[in-house]
1. Being over 55 Å from the mean Cα position of the chain (by Cα) and surrounded by 14 or more Cβ atoms within 10 Å (Cβ to Cβ) is the filter here; which residues of the range 341-355 pass it?
2. Which one of 70, 48 is modelled with pLDDT under 95, out of contact with any helix residue (DSSP H, G or I) (no Cβ under 9 Å at 6 or more places or on another chain) and farther than 16 Å from residue 157 by Cβ?
3. Is there a residue in the range 345-364 that is within 13 Å of the ligand (Cβ to nearest atom) and more than 25 Å from residue 266 (Cα to Cα)?
4. If the Cβ limit is 8 Å and pairs must be 6+ apart or interchain, which residue in the range 380-404 that is in contact (Cβ under 8 Å) with a residue 40 or more places away in the chain pairs with which residue that is hydroxyl-bearing (Ser, Thr, Tyr) and assigned to a loop (DSSP other than H, G, I, E, B)?
5. Return the only residue of 313, 358, 363 being surrounded by 12 or more Cβ atoms within 10 Å (Cβ to Cβ), among the charged types (D, E, K, R) and not assigned by TED's automatic domain parsing to the domain that holds residue 451.
6. If only one of 65, 122, 32 is surrounded by fewer than 21 Cβ atoms within 10 Å (Cβ to Cβ), under 58 Å from the mean Cα position of the chain (by Cα) and in the same structural domain as residue 194 (by TED's automatic domain parsing), which one is it?
7. Go over the candidates 370, 393 one by one and state the one that is over 17 Å from residue 307 (Cα atoms), assigned by TED's automatic domain parsing to the domain that holds residue 457 and not hydroxyl-bearing (Ser, Thr, Tyr).
8. Give, as residue ranges, the strands (runs of 3 or more DSSP E) completely inside the range 379-469 that count at least 3 residues that are crowded, with 17+ Cβ neighbours inside 10 Å and near the ligand (Cβ under 8 Å from one of its atoms).
Amino acid sequence: MYKVQSLKNLRLPNVFILILIVFISCALLIFINFFTIKILSANRAYINGESHYSKGQKDASRHLITYLYNKDPNQWKLYNEELKVPMGDGIARKTLLKVGDNEIARQGFLTGRNHSDDLNDIVWLFVNFKKVPFLAKAIHEWEQGDNLIDELFIIGTQINAKIQFNSLTADDQKKFLHQISTISDRLTINERNFSNTLGEGTRKIKTLLTITNIIFILIIVLSVCSYYSIMVKRLTISKKEIEVKNENLILVNHELDRFVYSASHDLRSPITSLKGLIEITQLEDDIDQIKNYLQLMHKSLTKQDQFISDIIDYSKNKRKQIVMEPVSLRELFNEAISQLMHIENANKITFTQELLVDEIESDSLRLKIIISNLLSNAIKYADNNKKEMFISIKSYILDGFNKIEVTDNGIGINDECKEHIFEMYYGTNKNKGSGLGLYIVKEAVENIKGNISVFSESNIGSKFIVAIPAYYGI
Ligand code: ADP
């Protein structure tokens, strides 16, 4: 029983915490991956948009230069068409910065030849992450690019005005060509910076994503491993518990078998001897002999009575709950002595009591069983050959235990028998008892978490000491 208790006391961590960790890690992993993929996809859309921006600006410059030299209105038209691309992106940027997501901004991106499927991601990234360093830096490059596009637009308007009024000179052409080339060169730098900044950001996000994925996967793997190891440990412990319980059951079963066998045997033997005595008494005429037979019958019935009372004690001890209550040791001793005075020679014994402890908190049923059995043994095994027979009873407190001592100067117990006296049905003198008394005493003492010890010497006497905790629940 104690073994099972110690297995139960083994505390294992709560597996629900581990399951919760796995659950939260999985949810975070899905959440982080979802948003990272959204960010990466928006970055890709921006880099794609930048290539349209750059191509539009370059084509516009090319058409403007051609228009500058051949004055073909078709080139002017193409220039305007191409310039709309970077200008559309510029309108989108300014609108997003001022008022956030709206139809004008989205229309601007569409004019900038961005794909309609990318619009949501592009707008979402801008609105939510415009202050994140890498995006803020890219937006700054974009803004500088837009300023140059505005300059290109003004130059285009000037060229067109001069051509319309036929006032374009060769010097003007040279000057405008130089201005367009300078703007184009500066725009190339801005466009490259824009792409590089976004690319750098994308790479950083990718590294971050890889690290977070590894961390969360490690957390999940570790939690799952711990979960399994705890479960395996629990299974091993319950297996051990079942094994211990099985062992205990086998023991109890074995004990019960022995008990039933011996009880039925011991219950029958006095009846058989009674039947025999009755038969021979019927044939007897001598009154003295009949009296003798009647005495033997009485002895046999007393033994039967004692045996039945032992069985009742055994059953009560096994069945009844422990009840802690105030008990007077003095009362228990006096009650037991008066009930045992019928035993042969009891009235020739001198009883002494030295009770330093009287009122204690314990189970009165078990104490009654213990005291009555120890006293009845001390009386039964008194030594008739001694001039003075005595039984001394003591109680005192020592080392946190209430101690009860029953000492006699009876026949004593030899060393060989001493080892067995607490076993079931062990009795050196079958005529005097059932062999159950001390077995029941030991069980009763253990039931109230105490212990019993014996000191005895043949022909000198015996001392039984019962120790029961003075305080329970420590
Ligand atoms: P029983 O019913 O035979 O008395 P117990 O279990 O009470 O059975 O005791 C077992 C044996 O221990 C007894 O048969 C006896 O030999 C011995 N014994 C017990 N108490 C004493 C005692 N006070 N003095 C001498 N022998 C004792």
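1. Within the range 341-355, 343, 346, 349, 351 meet the criteria.
2. 70
3. Yes.
4. From the range 380-404, the pairs are 400/471.
5. Result of the check over 313, 358, 363: 313.
6. 32
7. Exactly one residue qualifies, and that residue is 393.
8. By residue number, 461-469.
The values are calculated or read from the model by the stated rules, or taken from the named source; none is laboratory data. Predicted model only: the values in this text are computed from it and were never measured. All Cβ positions, glycine included, derive from the backbone under ideal geometry; neighbour counts span all protein chains shown.
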